Amino acid sequence: MNQTTNTILMIRPVAFRMNEQTAVNNYYQKVLDNITPATVNAKAQQEFDTFVEKLRAVGVDVIVVDDTLDPDTPDSIFPNNWISFHESGEVILYPMFAENRRLERREDILEILEERGFEITDIWDYTSAEEDDLFLEGTGSLLLDRANEKTYCALSPRADEGLVIEFCEEFENDPVIFEAFQTVDGERKHIYHTNVMMCLAETFAVICADCIDDKQERKTVLNSLKSSGKEVITITEEQVNSFAGNMLQVKGAEDKRYLVMSTQAYESLTEAQIKAIEKHCPILHSSLDTIEMCGGGSARCMMAEVFLPKN
């Protein structure tokens, strides 16, 4: 199984803003005062377009689908939370915490992929769990080590343990389940998505081990990464706040790997960390300041990896 792909699905925003329904447990979102919603969306579109250009310039196949004005989906720019695509041809739809994020699920996106020659053999739909207030937000919650058949997940209001175990049983993955925290106003609170504090690449992992308060859980996670042959590169909680955990390794032209992140994330890294990453692959970064502040998500969240086979 491949850990990285050359094909990325991205949703271009039309009404991007801070989503009031997700702000309750996404502590990275900030209110931008004195800026109109139209300006916020225009800035987000500009950041989005520049980011896509940079990915395409190194040979990443980016499939851009425009969001629609109706229904109102302020977070549609983060498609990796509601859908994932697999080499087996399977597509998985996930249960979402915020009611307005459930409206992001669009059948026409599957049709667009099929028109481009991708093969969908089966759709797994976990969305009925929403009726029981149980959630599992895609590859935001689940960090898939596809090559080693392991799934890492930090439990939170958006990642239910029972659903993680069900997912791992159905897809024959070993679950590596833990709790990750951040300090908010002096209190330790759950980090809403695993991919904020951790990134899995082919030969290395970037992780904020300090977010895992339980020493035994921390040891288990680090041992699991090392036993899979990955070099562990640690980041601090302060760097997590700059989205340094929210990275994704992709394939560009001629199968060259890149680690993709925001400029804010890149600028928070030390020289030693950059060197450690660049031993494995070059870094590609783009400014996503508005998207990060209003959306509380970054580069990784914006990219839904397409692993589907081609006809």
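The values are calculated or read from the model by the stated rules, or taken from the named source; none is laboratory data. Just so we're clear, the structure is a prediction, and the values are computed from it rather than from any experiment. Glycine gets a Cβ as well: all are built from the backbone with ideal geometry, and neighbour counts include every protein chain shown. Note: areas computed on protein heavy atoms with side chains; ligands, DNA, RNA excluded. Shrake-Rupley method; radii C 1.70, N 1.55, O 1.52, S 1.80 Å.
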Quiz item: What pairs can you find where one residue is in the range 278-299 and closer than 21 Å to LYS230 by Cβ and β-branched (Val, Ile, Thr), the other is open to solvent by 10 Å² or more (accessible area, probe 1.4 Å) and part of a loop (DSSP other than H, G, I, E, B), and their Cβ atoms are less than 9 Å apart, with a gap of 6+ or different chains?
Solution: ILE283/LEU269
Exercise. Could you grab the pairs with beta carbons closer than 6 Å, sequence gap of 6+ or different chains, first residue in the range 36-63 and under 15 Å from MET293 (Cα atoms) and among the aromatic types (Phe, Trp, Tyr), second one open to solvent by 50 Å² or more (accessible area, probe 1.4 Å) and outside any loop (DSSP other than H, G, I, E, B)?
Key: PHE48/ARG12
Practice problem: Sort out for me the helices (runs of 4 or more DSSP H) sitting completely within the range 100-214 that have 3 or more residues that are of a type in the set (Asp, Glu), exposed (fewer than 15 other Cβ atoms within 10 Å of the Cβ) and more than 15 Å from the chain's Cα centre (by Cα). | Solution: 107-115, 161-170
